[in-house]
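The values are calculated or read from the model by the stated rules, or taken from the named source; none is laboratory data. Because the structure is predicted, anything quoted here is derived from the model rather than measured. With ideal geometry, Cβ positions are generated from the backbone for all residues, glycine too; neighbour counts draw on all protein chains shown.
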């Protein structure tokens, strides 16, 4: 257990992941109430909305109202997700925290189906984002590699394909004179296993020994927490997760890209292993029960359903 | 990943774990149909019923009919669980496979509440079981330590308390001239973390280097698959799990001892890491969907809800 980090930073993605996938209508006030409760748990960052087409993602039709309605708590970052330049332009008009992310995809097929662009074209779009970040004094943080473990069209993405994408991101850093905090590997459709985690992290560490790595894990095939543990063992200290295991991927191409790993379950596992998260477990479990009440059906998180 | 086993043996506990906990009435014919489908997946052993009081566990009121109704497939073992001598006597009358197990509990409080006996008294009862096994030519296999990670009454059970229980089981081996296949650690209420897995296995390996260890894991707090992975890394090659994640513990003392780790999710994780199980993943996922249909509500297994 030697490389376990002493502390992990968890980004809460439940509001965005959850509200974009839920089929029923959720009241704007409930979304805001949930976000405000999450902000009281000690979690440092909450992804609140995505700036996407209301036609494509009806659950985000009220994203602007949610963004404007939140009473913010000092010390918490309230973010929103943009997946294209139009989304970024919307973010610039709204009062959430703007964190400069770069987003590319490892699977060509998934990239084209999801964004309508080739991987090459998305790199060009990232140049445009980086220009807008400069113009608006938005600090650049993480670069995200979506489908870094595979997708439902191409199956497993080979490790060297992931390495090549990151080489291109490293090139982009030099070309654009920016410095990413690190690389986030997203298991967008939850295909990963502990072995595929170890292979990717091993390959990246070998190539770039000081690279910080973050993980965005989905639990589509039940391996999410095992994957998180495999990464913790290798010293990974940055994770996305969703309260109550809310979420899924609305663009995954077919049914079944189920929720992210569950925040409170991840926090429980970390705390039981002596890893700090800064998150109040009971408060987070309370938020999970609130989420279940708001969406009106059982959610996959485990801990919230038990005494602990 | 050096100590990963090449092959694991999985005991399917879904029928017993599931049917004893489900609140609705499940038709005897459905139980038998499910067991017969499981027998076609390649799983080597299926725990079908528990010989318990119908008053205490209404879902097992038809256990005798289930036991008598199964059309058996060669090469598969169909077992039943007894928790007291009366249950064992019932098992002797019924046509399921009788596997000689010894069962003790690490938590004194859980033991008393669950069995009405002290730990000392349960050891005496095991002597009686071993006598009956001899009389009926039942081969002795595993010794099970329930609540080996903790319980809801006493919290975490210290590692040295687990070691002491196993010392007593080792003493029982000598005294009774039997040889257990190994020791099964049961996380009866799903309290374990990868760290508590490693600590227990480490302590047992240090004391008894050749001891075979099996794990019966519940996913009550979301750590089940991470715990399984932690054990796989240490070479553990024997697991209980339940198709679709059926189950729970009806005696756990309060709400929320949720299902076991899910067989098809565990099989997926093993196969993705190159570990053989002998189980046909698609057939097991089909059984999981059948289980969901039979119980009439969503079950926690993940893989069955996606394309894979």
Keeping to the range B:273-308, report how many residues are touching a residue at least 24 places away in the same chain (Cβ under 8 Å) and at the interface with chain A (Cβ under 9 Å from one of its Cβ atoms). 7
For the range B:197-230, name all the residues that are within 8 Å of chain A (Cβ to nearest Cβ), buried (at least 24 other Cβ atoms within 10 Å of the Cβ) and more than 14 Å from residue B:262 (Cβ to Cβ). B:221, B:230
Given (1) within 14 Å of another protein chain (Cβ to nearest Cβ); (2) surrounded by fewer than 15 Cβ atoms within 10 Å (Cβ to Cβ), index of the condition residue B:134 fails: (1)
Note on the range A:154-167: residues surrounded by 14 or more Cβ atoms within 10 Å (Cβ to Cβ) and in a helix (DSSP H, G or I) are A:159, A:161, A:162, A:163, A:165, A:166
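Would you confirm whether or not the range B:144-153 contains a residue that is surrounded by fewer than 15 Cβ atoms within 10 Å (Cβ to Cβ), outside the structural domain of residue B:89 (by TED's automatic domain parsing) and either assigned to a helix (DSSP H, G or I) or modelled with pLDDT under 95 (or both)?
No: zero hits.
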Elements of type strands (runs of 3 or more DSSP E) contained in the range A:172-276, each with 2 or more residues being farther than 20 Å from residue A:158 by Cβ: A:238-241
Might you check whether a residue that is farther than 27 Å from residue B:179 by Cβ and within 20 Å of the chain's Cα centre (by Cα) occurs anywhere in the range B:4-15? yes
Within the set of pairs 6 or more residues apart or between chains, which connect a residue that is at pLDDT below 95 inside the range A:17-41 to a residue that is surrounded by fewer than 16 Cβ atoms within 10 Å (Cβ to Cβ) with Cβ atoms less than 7 Å apart? A:24/A:296
Count of residues meeting criterion [crowded, with 24+ Cβ neighbours inside 10 Å and touching a strand residue (DSSP E or B) at 6+ places or on another chain (Cβ under 6 Å)] in the range A:14-46: 8
